[in-house]
Structures are given as structure tokens and as C-alpha cells.
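Heads up, the thing below is written out as C-alpha cells.
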Amino acid sequence: MTVTLRVVLDQLVAETSRDLAEASASLAQALVDTAPRGCDVAAIVPAPGLPDAAGVTGLVDETRLPMRRRELAASWQLGVVAGVGKGLIHSPTALAPLVRHDRVNETHQIVVSLWDLRAWETPDELPTAEVLAARALLKRVGKHADAVVVPTHAMAERLSEVAKTKFASKVRVVGGAPAAGLRVPTDAVGRLRALDLPSTFVAVSGGAAPSDALADAFAAVAAASYDGAVVVLDVPEGEEPAVAELASAAGIPESRVHARGSLDRWDRAAVLSHADAYVTACARTDWPWRAVDALAVGVPIVAVDTPVHREVLADAAALASADQLGAVLSDALGEGAERLRVLAGDRAKGFQWEACADRVWALHAEL
């Protein structure tokens, strides 16, 4: 008898986060590629169904629900999951058809993933509706999920602190990885030109939200006496002026700051591969998407010392307190650059979606 694992791929139909969409596609493909004998993979998606450009091959079936993603999310938050059916279900995000079920007698499993805890750590930086939705979903996760996947032990510990629901017996740690196939594209120079970016710079990421800590990242660049350009990735639409003001307050002229929004994997790889260093001062317990991208292309990384960065980046990054980032960056731009590049390349080998998929299959077998 064939066992089918159905993966919720709402992000491939109606993307709300490029990182979550890439992670969903990458994990789904890895699950297909690593499926044990007698197992296969199918999809659960909102209307209008998976597009041809979804990028996942080998799915044996598609449960296409009659609602679009927005309506589906509202329905699932209330526990209305008609049409989903029973079986093994894995969601790469927190959105899943969570209802009371009998895992043993119904052979019905539901596993969800959490990538950040912003609705609890920095709720003032998010729209109220988003905070309420995230908290409502976590409440259902605590009641009805058979397991909760988080990418780091640091997040597992933080989850136990912020969530009123007891998760200890349900939490499993399965790390993430760069988007499948992420590498420096052969047309990297052309992509930089198309993005109207210089050929060398220091890269940072984030927006004007205080927890993104761009002010500290800019201060580090200024303290390192770096006189080149600064490229800011993942700037939310409309926050470019605020980002420029943060840079100016740190002593970096607006003319040297290049703010860009969310880029696809190839543009990100092109940009990061030309950076003299990547700097992050963000101390949230989020999975550090951009830092892991930087590992994949062998960029010297300077990061604020946090449990997440210690766990994910380890010795492949130069870690320091926020007020010491400038001194560390200065070394990373000079004598320490080559060592950090080598260490980043070595560390990147430990983040592969196939390994993540193997652990997901093992988790469902355990359940």
C-alpha cells in the first residue's frame, strides 16, 4: 500500500512571503526526491490551483480546494476544513487544516512549521489583523497539531516562553536551507546592472522596523570607516525614505545607500556574491533567511551575537555585540575576509533541503 504525504502549498498559489514560498517549493521538491519506498507526495492548494510555474515536479495528486487563499486562511483559522480529507498532512507554514482528530485510529496526522515569532516578540511592528491571525493559528496548532517544526533550538526555547499553550512534547527542530539551487548566476554582473547597483558594497537587509536593527548595521558600517556603497535588501515598499534616514543618522550619506525590495533567488545571489560583507544586527528569533543565503555564496558575514546566530552561523560568521560590530566588520573587510569566505562555504554544506526532507519523513514515520 502506498502512503501519500500531502503538503500544503498555499504559498505557491498566492504568495504572502517570498521566503516562505521558496521554502515551500524547495521542501516539497525535496520530499518528492527523497520519498521512501512505498511513499509519494501530493499537494493541498487553494483555488485556482498550482500554476505551471510552481516549480515542483513529481507530485502524484492535487487536492484543489474551492476557496482562494485569503478565504481559505480565514476558514482554517476558525477550524472549518471541509474538503481536505484525512491522511498525512505537512504544512511548511503555520497555515494548516487543524481540527480535532484521532491520529492512531484515523491514520490522520497534521504537522506545521513556524519560521518566526514576530506576532509575540514584536507585535507593535505588525498590522493588528496579522498579529491576531498568527496568535489564533498558534492556539489551534497547540490544540490539534501532532507536531510543530521549528528551524532552531533557540526558537524552540523561545516558543515555550511566549506561547501559553504547552508545546514541549510536540516541538521538533528541522532547520531550513537556501532556496533550492541557489548559486551565483552566470549573468551576475548583468543582474547588478539591471538593478542599478555598484559592483562592490556592503550588504544589509531589513526595513525601518526597530527590530530589523538597520540603525545598528549602519552604525557598524560607519564605525568600520567603510566608504563604499551600502545595499539594503528586503526593504518593504514605501520604507525607502525611512531607511535612508536611518543611514544618514549613522553618518552614511543617502547617495551611498541603495534600497531594494524582495528579490528573487538569482538576483539575491548575484547581489550577495558581489558584497564585500553581509551585516545583520537583527536579534529576533526568526530563521535568518538572508544570512543563510550569504553562507551559500561564500560571503563574509558579520552578525550580532544571538542564540540563533550562534546556532545557525557558528564560526562561519564574525559574531559580536551590537556596539562591537564596527570593529568586527573592519576585520572582516580586511585580513579576516578570506577566512570567513572559506568558513561560510564549508558551513553552507550543512544546509540542504534534501536533509530537511529526510527528517520530515522520519518525523511522520515516528508519529
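For the range 97-113, a tally of residues being loosely packed, with under 13 Cβ neighbours inside 10 Å and among the β-branched types (Val, Ile, Thr) returns 2.
Provide a single number: the residues in the range 168-210 that are under 18 Å from Ser24 (Cα atoms) and more than 19 Å from the chain's Cα centre (by Cα). Of the residues in the range 168-210, 0 are under 18 Å from Ser24 (Cα atoms) and more than 19 Å from the chain's Cα centre (by Cα). Being assigned to a helix (DSSP H, G or I) and β-branched (Val, Ile, Thr) is the requirement here; does Val299 meet it? The answer is no for Val299.
Confirm whether Ala14 is of a type in the set (A, V, I, L, M) and surrounded by fewer than 21 Cβ atoms within 10 Å (Cβ to Cβ). Walk me through how you get there before you give the answer.
On the way: of a type in the set (A, V, I, L, M): yes; surrounded by fewer than 21 Cβ atoms within 10 Å (Cβ to Cβ): yes.
Criteria met by Ala14.
Within the range 104-125, the presence of at least one residue that is under 20 Å from Lys139 (Cβ atoms), of a type in the set (D, E, K, R), out of contact with any Phe, Trp or Tyr (no Cβ under 7 Å at 6 or more places or on another chain) and assigned to a helix (DSSP H, G or I) is confirmed.
Taking the criterion of being assigned to a helix (DSSP H, G or I) and over 30 Å from Leu313 (Cβ atoms), the residues of the range 127-141 that qualify are Thr128, Ala129, Leu132, Ala133, Ala136, Lys139, Arg140. Once the range 278-314 is narrowed to residues that are among the charged types (D, E, K, R) and touching a helix residue (DSSP H, G or I) at 6+ places or on another chain (Cβ under 6 Å), the residue that is nearest to Gly345 (Cα to Cα) is Asp293. Can you confirm whether Ala269 is of a type in the set (Gly, Ala, Ser) and assigned to a helix (DSSP H, G or I)? The answer is yes for Ala269.
Just to be sure before I move on: is Thr122 of a type in the set (Val, Ile, Thr), in contact with a Lys or Arg (Cβ under 8 Å, 6 or more places away or on another chain) and closer than 18 Å to Ala209 by Cβ in the structure I sent? So Thr122 passes the test.
Applying the set (1) in contact with a Phe, Trp or Tyr (Cβ under 9 Å, 6 or more places away or on another chain); (2) modelled with pLDDT under 90 to Thr165 leaves exactly one unmet item: (1).
If the condition is being touching a residue at least 12 places away in the same chain (Cβ under 8 Å) and out of contact with any strand residue (DSSP E or B) (no Cβ under 8 Å at 6 or more places or on another chain), then the range 72-98 contributes Leu72, Ala73, Trp76, Gln77, Gly79, Val81, Lys86.
Residues of the range 194-219 that are among the charged types (D, E, K, R) and either at pLDDT below 95 or buried (at least 22 other Cβ atoms within 10 Å of the Cβ) (or both): Asp212, Asp216.
Within the range 178-232, restricting attention to residues that are touching a helix residue (DSSP H, G or I) at 6+ places or on another chain (Cβ under 9 Å) and of a type in the set (D, E, K, R), which residue is farthest from Arg290 (Cα to Cα)? Step by step, filter the range 178-232, then rank; the result is Asp227. The helices (runs of 4 or more DSSP H) located wholly in the range 145-243 that include 3 or more residues which are in the same structural domain as Arg18 (by TED's automatic domain parsing) and either of a type in the set (S, T, N, Q) or touching a strand residue (DSSP E or B) at 6+ places or on another chain (Cβ under 8 Å) (or both) occupy 153-162.
Are any of the residues in the range 285-303 over 21 Å from the mean Cα position of the chain (by Cα) and charged (D, E, K, R)? Within the range 285-303, not a single residue is over 21 Å from the mean Cα position of the chain (by Cα) and charged (D, E, K, R). Total residues in the range 48-96 satisfying the condition of being of a type in the set (Ser, Thr, Tyr), closer than 25 Å to Val3 by Cα and either surrounded by 12 or more Cβ atoms within 10 Å (Cβ to Cβ) or not assigned by TED's automatic domain parsing to the domain that holds Ala357 (or both): the figure is 3.
The listed residues are Ala362, Ala357, and the only one of them that is more than 21 Å from the chain's Cα centre (by Cα) and at pLDDT below 95 turns out to be Ala362.
The values are calculated or read from the model by the stated rules, or taken from the named source; none is laboratory data. Remember, predicted model here, so these are calculated numbers, not experimental data. Please note: Cβ atoms are built from the backbone with ideal geometry, for glycine as well, and neighbour counts cover all protein chains shown.
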